[in-house]
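Visitor: Structure in structure tokens, see below.
The values are calculated or read from the model by the stated rules, or taken from the named source; none is laboratory data. Worth saying up front: this structure is predicted, and the values here are computed from it rather than measured. Using ideal geometry, Cβ is built from the backbone for each residue, glycine included, and neighbour counts are taken over all protein chains shown.
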Amino acid sequence: MRLLDIVKTRKLVVVPVLLIGVLVFVGMVKTKKAPQRVPPQERVQVVRTLTVPAVSVVPRALGYGYVQPGQVWDAVAETSGKIVAVHPALKKGNIIGKGEVLLRIDPVEQGNARQRDEANVQDVLAQIRRLDQTEKDTQRKLKIEQDKLKLSRSELDRNSILFANNVISKSEQDTVEHNYLTQSNAVQNYSSTLNTIPAERQQLRARLSSARSQVADAKHDEAKTVIRAPFDCRVADEKVEIGQAVKTGELLATLDSMGRSEALAQVPLYLFKNVVPRGERPNFDDGKSTEVVRDFVKLDAIIRLKLPDSIVEWTGKVVRLSDAVDTATRTIGIYVAVDDPYLKAEGGKRPPLLKNIYAEVELRGAPRPNTVIVPRSAVHDKTVYVVDTQNRLRLRTVVTHSPQSGFVSISSGIKAGDVIVLSDVVPAIDGMLLKTVDDAKALQRLVAEATGEGSVK
């Protein structure tokens, strides 16, 4: 019983405590204040931005190739003989001035031939002089014989009258008539001689012309024994010594011009098309295709040599295009010329533009004014992220053209003065709120590259 009393006593104590706890909890719930409601905050994306410029774009393209002399001349023997003189500087690498004698071939054989031909000319001239004198003598004799013929005719007429009157005999009449016919024949002979003289003179003049041509040929052959440098040059190769016998057509030396160097740059087609004037066509109406293509392309060029401690540049000009596209690399060859490359050399700064230098060639097209440009990284699959006046993102579809290494030109979709996003926004949701940070350096780089002042890749 004692244990039962203890349990009952504990129940009596616990129940009131539980009731008190319940009452306190209910009171707290009823008197508790409602939680304060906080409106949801919109997420803000921080981005780098740039104000779209409109500049005068200088289209550029890069190519690479080897430098070669503008002219290469092979000294070929045009006549046979023995070498009797060689220029002391005719060694590989040496420089020789225009007009200097490179080689002399023994001219004895050619000189003898010239003298024989000159003698033939003098012989023909002598024959012409004799013919002229013969003509004068024949004309004088003809005049005399014609006068005699007149006298003989008068005598024949007089004797004919006398014979008719039986004053003279038949034999006397025949004698006078015979004399007249003889004199008439003499006049005819001299006349025939004079008539043949013009043909003889023409024949002699033809022989004289032929003889003089032979003399000219002989002099030309004799001049071929002296070989001179056709321009200021550098010796690329030589294959001759004094005393060596050479044949016609034999290669004696090879000379490179110093007046011009050319770089054949291979430029990818997709880059070359960007520097050609847009929306224009060449006019071939006058038939001058070379000049038309050159004027249509309107390209300037810079040949650039990158050295370990510096970069050297030469200003050149596009002189022609290659005749075909390289099927393996899909590139077109552009010939860029630099005049007087040796005169433009500077000691310690700029070397001569030597043969076989591998150089970078930058082509520059005609400037395109008021062109809207943006960085290439700002174009996402034909879409540009634009910041509106409420700092919200707007997705704009654009039409681009003439892509360069770091920028593209815009035909439509945005205009100069629009603010575009440079940062990668993931995900890019139209209308999302942005916090913009203007990237002045990016704008500076963009304008510098587009206007031709910055580097191009």
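Visitor: Could you count how many residues in segment 293-351 are in a helix (DSSP H, G or I) and farther than 18 Å from Gly65 by Cβ?
Guide: Of the residues in segment 293-351, the ones in a helix (DSSP H, G or I) are 293-297.
Now restrict to residues that are farther than 18 Å from Gly65 by Cβ: 293-296.
Of the residues in segment 293-351, 4 are in a helix (DSSP H, G or I) and farther than 18 Å from Gly65 by Cβ.
Visitor: Same structure again: Collect the residues in segment 51-84 that are over 27 Å from Val267 (Cα atoms) and β-branched (Val, Ile, Thr), keeping them in residue-number order.
Guide: Let us first name the residues in segment 51-84 that are over 27 Å from Val267 (Cα atoms), namely 51-54, 73-84.
If the condition is that a residue be over 27 Å from Val267 (Cα atoms) and β-branched (Val, Ile, Thr), then Thr51, Val52, Val76, Thr79, Ile83, Val84 are the ones that fit.
Visitor: What number of residues within segment 385-432 satisfy the criterion of being assigned to a strand (DSSP E or B) and in contact with a Ser or Thr (Cβ under 8 Å, 6 or more places away or on another chain)? Step through it out loud before you land on a result.
Guide: Step one: of segment 385-432, the residues assigned to a strand (DSSP E or B) are 385-387, 392-397, 399-401, 407-412, 419-421.
Now narrow it down to the ones that are in contact with a Ser or Thr (Cβ under 8 Å, 6 or more places away or on another chain): 387, 395-397, 399-401, 408-411, 419-421.
Residues in segment 385-432 being assigned to a strand (DSSP E or B) and in contact with a Ser or Thr (Cβ under 8 Å, 6 or more places away or on another chain): 14 in total.
Visitor: Which of the following residues is at pLDDT 90 or above and not in a strand (DSSP E or B): Gly249, Gly279?
Guide: Details: Gly279 fails: at pLDDT 90 or above.
That would be Gly249, the only listed residue that is at pLDDT 90 or above and not in a strand (DSSP E or B).
Visitor: (1) in the same structural domain as Leu50 (by the TED database); (2) surrounded by fewer than 19 Cβ atoms within 10 Å (Cβ to Cβ); (3) modelled with pLDDT of 90 or more; (4) under 29 Å from Arg304 (Cα atoms): which one isn't true of Val399, the others all being true?
Guide: If we test Val399 against (1) in the same structural domain as Leu50 (by the TED database); (2) surrounded by fewer than 19 Cβ atoms within 10 Å (Cβ to Cβ); (3) modelled with pLDDT of 90 or more; (4) under 29 Å from Arg304 (Cα atoms), just (4) comes out false.
Visitor: When you look at Gly347, is it buried (at least 17 other Cβ atoms within 10 Å of the Cβ), at negative phi and among the small types (Gly, Ala, Ser), yes or no? Steps first, answer last, please.
Guide: Details: buried (at least 17 other Cβ atoms within 10 Å of the Cβ): no; at negative phi: yes; among the small types (Gly, Ala, Ser): yes.
Answer is no for this residue.
Per-residue answers, yes or no, for (1) among the acidic types (Asp, Glu); (2) surrounded by fewer than 18 Cβ atoms within 10 Å (Cβ to Cβ); (3) in contact (Cβ under 8 Å) with a residue 60 or more places away in the chain; (4) touching a helix residue (DSSP H, G or I) at 6+ places or on another chain (Cβ under 9 Å):
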| site | (1), (2), (3), (4) |
| --- | --- |
| Ala75 | no, no, yes, no |
| Ser80 | no, yes, yes, yes |
| Val84 | no, yes, yes, no |
| Gly93 | no, yes, yes, no |
| Gly97 | no, yes, yes, no |
| Glu100 | yes, yes, yes, no |
| Pro107 | no, no, yes, yes |
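Let's see how each residue does on (1) within 29 Å of the chain's Cα centre (by Cα); (2) not basic (Lys, Arg):
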{"site": "Val215", "(1), (2)": "no, yes"}
{"site": "Lys219", "(1), (2)": "no, no"}
{"site": "Val226", "(1), (2)": "no, yes"}
{"site": "Cys233", "(1), (2)": "yes, yes"}
{"site": "Val246", "(1), (2)": "no, yes"}
{"site": "Gly249", "(1), (2)": "no, yes"}
{"site": "Leu255", "(1), (2)": "yes, yes"}
{"site": "Ala265", "(1), (2)": "yes, yes"}
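Visitor: Look at Asp286 and say whether it is of a type in the set (D, E, K, R) and at pLDDT 85 or above. Break it down stepwise before answering.
Guide: Values: of a type in the set (D, E, K, R): yes; at pLDDT 85 or above: no.
In short, no.
Visitor: Would you mind telling me which numbered condition in (1) surrounded by 17 or more Cβ atoms within 10 Å (Cβ to Cβ); (2) in contact with a helix residue (DSSP H, G or I) (Cβ under 8 Å, 6 or more places away or on another chain) Val387 fails?
Guide: Looking at each condition in turn, Val387 falls short on (2).
Visitor: Looking only at segment 199-211, decide whether some residue is assigned to a helix (DSSP H, G or I), over 30 Å from Gly111 (Cα atoms) and not charged (D, E, K, R).
Guide: There is at least one residue in segment 199-211 that is assigned to a helix (DSSP H, G or I), over 30 Å from Gly111 (Cα atoms) and not charged (D, E, K, R).
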